[in-house]
Each structure stands twice: as C-alpha cells, then as structure tokens.
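What follows is a set of notes on a single structure, which appears directly below.
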Amino acid sequence: MTEWMRAARMHAVGQPMTIDRVELPTARGTDVVVEIKACGMVPNLGNVLANWPSWCPHLPLPQLPAIFGLDPAGVISEVGDQVIGLSPGDRVYVSPVRSCGACPACHSGQRTKCGHFTFNGYFGFQENSQTLYDMYPHGGFCEYMRAPQYAIVKIPDNMTFHQATRLGYMGTAYSAIKKCGVVSGKSMLINGCSGTLGLGALLFALAMGVTRIFGVGRNMALLERVKALAPHRIEVFSTDNGSIAEWVRSRTNGEGCDLMLDTLGAVASLEVLDDAMHAVKRGGRIVNIGGTVGKLPIDVKWLMDEQMEFIGSVWFTTAEGYEMAEMVRSGTIDLSILEYQVSPLEKINEAISGVSSGRGGFTSYLIEP
C-alpha cells in the first residue's frame, strides 16, 4: 500500500509553493531515507526562485513541480540493503551534493568537480543535472527524503538539528579557507563578514589560526557585533565609509592583507569585489565563494605582475563535513552565537517572504516539517 507525506513544492517560477501530498520515499541499494527535523533556508531564496532563470540561465532549476530545500538535518529512518556504516536512528546532516559516482572526480572525493554535479533541492550546474534530480527528487522541504549514503554526515550529540542546518554555509567557507593553504599567522579580508556565509568564514578563520581579520560589510551595528567575537583579532569597516583597499592598506603599512574571501551574494556590486581584491598584498590569494553574478574586468597584467591567485570554490566534501562535525564536538567551533527563526512547513511562503528580517548572519532561517 502506498504511503504518503507532506511536501512543499514549487509548481511555477515566481509562484508560491503549495503543500502537496507526495509518495513517501523508500530506501534502496546505497541510499538512505532521512526523517527531516529541520531544513535551512537560503537567505536569498525568494529572489533566487523568482529570478534564477534570468540571472543564471546556464544553471538549471529542476523540472517543476519540485521540492526545494538545501540544508536538511534529521534522523535516518531506513537504510538500503547495501548501506554500510549508517543505521536507523543516526542523527545526520544531508549534503545537497549529487554526482555520478563513477568519474575520476567522484572517485577522488571531489564530487563538486563531477560533470553531473547538482545541488539537490536548489539548482544544477550543467545540462546533466536533471538526471540527478530524477534520481533524487527530494529537497529538505518535506517530511522524509531519500539521499545517497555519500551525502550523509553524522552529527555529534552536542550539535542540534538547528545548528546542523547551517553546515552548508559553514562548509562553503571552511573548504575555501582550506584552499588558502596554511592560514595560521596570516591576515585575511572577509568581504561580507556579517552575512550568513561571511560569519561562518569568520568563525573558521578564527578557529584555524588566522591572526588578523579585516571584516567588511555595510551595517555598522552588525559589524560591531562581529568585532566583539574577538576584538583583539578582528577589525571592521563599513563600505559606506570609503574604499576597502585604502582602509586595509592603511592598517598594514601599505602592504595589504595575505588572503581574501569574497562572500557577497548574487546581486552584490562587482565594483566592491574589485576594490576588495586590491586590498590583497603581492603574492596573495583571493577565493570567491559568494556567487556575485556578472563579468568582472580584471587587469590580467596586474594578476601576473603581482603574482596573485584568484580561485573559485563551491561547497565542500563530505569528508570536510565530518571534519566540521568533529570541530563542533570538540568545542573548537562554538555555534552558540547563532539565532533561529523557525517556521512550520505550512508557513513556508510567509517564511520565505520574511527571510532577512533577522540580524544578518547571526540569524538562521529554518523550516520544521
């Protein structure tokens, strides 16, 4: 007999989601079924769902109707007959990364480099993405979802489900910082430090040994709250007060900082990004993780002469997810600074409309089925 569950589905771009009755998933092979306890909501979700086809037509949405929801956490309710190391009752985070599993990138653990790489519950990165959507049609805005065992991160007892829904943003920052190489004793500019992505970057930068952080944003009240996290290691600056590059160089004897993370969102100004890049010293490294859309005019001679490195980084590996979980378990990372705005599944449209009504990156927006 068919069993059913509730799911929020989008039927048309720009239209409200509806709460539908859909078939309950079952586990098979190397897949598991997770009972969703909470699912994080992208702060810019309303704008993304309404404008994505025009913003990024090369990054396809799933065929509609579709179940969105990028950052689910919950409890495994069922495992397939080929699953090893996971059991019903395990508390887990479900990474949205889906890939083919058969290419060299997947075999090396770098699934975001796979030619089929897809964000389950959000958008794809190439034409092949629909193949993965068909295999795994459940995002986190539902009661249960089927997911491959390679996407599962067990979470420690001292991590709440609410905290676990932040792992997507935290992991994006964590993986980017690792791409900077050895960061202990270095200085780092975090552009957009008071946002959801930027605050995670700041927490990991502190934990991983960055000794001097230049935090940039707009809202000075939020920036002061950021500075209070480690006032002897963090300096903050509002873009309302002038040039980022001039400010950083004025604080570093004209040299600039060692490293930079850009965490600004899709509609952020490319001029701000360009300004921040020029705050980095000769031989420095710039990592872009924020998703600002558009073509950036870069003086390639400057890149060459100054021996600069510009890197794009997307998401994180499941192994890095386990590393973060261990950092939380050990107390290396403290997530107690986060606040939560929680809405039931039935209120998802109101919740999407209310996103960004909190206090910058300190507030996480969640759906509880």
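No value in this document is a laboratory result; all are computed from the given coordinates. In this text, all values refer to a predicted model and were calculated from it rather than measured experimentally. Note that each Cβ is placed from the backbone with ideal geometry, even for glycine, and that neighbours are counted across all protein chains shown.
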Original post:
When the label point is put 7 Å from the Cα of Arg233 along its Cα-to-beta-carbon vector, which residues of the stretch 167-203 have a backbone N closer than 16 Å?
Top reply: 174, 177-178, 182-190, 199-203
Original post:
If one takes the longest principal axis of the Cα atoms in the chain, at what angle in degrees, from 0 to 90 and to the nearest 10, does the Cα axis of helix 196-207 lie?
Top reply: 70 degrees
Subject >> Among beta bridges that DSSP assigns inside the chain, antiparallel share in %, nearest 5 >> reply: 50 percent
Subject >> Cα lying deepest toward the dipole's positive end in the chain, options Tyr365, Ser238, Gly168, charges on Cβ >> reply: Ser238
Original post:
Using Cα pairs under 8 angstrom and six or more residues apart, how large is the relative contact order of the stretch 253-334, in percent?
Top reply: 29 percent
Subject >> Label point distance in nm, Ala102-Thr211, each placed 7 Å from Cα along Cα→Cβ >> reply: 5.1 nm
**OP:** Provide the descending list of Cα extents for the chain along its principal axes, expressed in whole angstroms.
**Re:** 72, 43, 42
Original post:
If you add up the charges near Gly312, with Lys and Arg at +1 and Asp and Glu at -1, over every other residue whose beta carbon is less than 13 angstrom from its beta carbon, what do you get?
Top reply: +1
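Under the 0.36 nm per residue contour assumption, what length would be gained going from the current alpha-carbon distance of Gln130 and Met304 to full extension? Can you show the working numbers first?
Values: separation 174, 0.36 × 174 = 62.64 nm, distance 3.92 nm.
Working it through step by step, the gained length comes to 58.7 nm.
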Subject >> Theoretical ellipticity at 222 nm over the chain - DSSP helices of four or more residues, -39500 (n - 2.57) apiece, nearest 500 >> reply: -7500 deg cm²/dmol
Original post:
Tally Lys and Arg at +1 and Asp and Glu at -1 over the other residues with C-beta under 14 Å from the C-beta of Leu303: what net charge comes out?
Top reply: -1
Subject >> Protection proxy ranking, peptides 257-264, 56-63, 330-337, average beta carbon neighbours within 10 Å, highest first >> reply: 257-264, 56-63, 330-337
Subject >> Violating pairs (Cα-Cα greater than 22 angstrom) within the set Lys37/Lys227; Lys281/Lys301; Lys37/Lys347; Lys186/Lys281; Lys186/Lys301; Lys178/Lys281 >> reply: Lys37/Lys227; Lys186/Lys301
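Return an integer: the convex hull volume of the alpha-carbon atoms of the stretch 240-361, in Å³ per residue.
Dividing the Cα hull volume of the stretch 240-361 by its residues yields 182 Å³.
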**OP:** Residues in the stretch 41-59, backbone N under 17 Å from the label point at Gln15 (7 Å along the Cα-to-beta-carbon vector): list them, ranges by number please.
**Re:** 49-53
**OP:** Evaluate the distance, in nm, between pseudo-label points positioned 7 Å from the Cα of Val267 and of Glu326 along their respective Cα→Cβ axes.
**Re:** 4.1 nm
Subject >> Extended-chain gain in nm, criterion 0.36 nm per residue less alpha-carbon gap, Asn349 and Thr160 >> reply: 65.6 nm
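With a 10 Å radius around each residue's Cβ, average the other Cβ atoms per peptide and rank 36-42, 298-304, 280-286, highest first.
36-42, 280-286, 298-304
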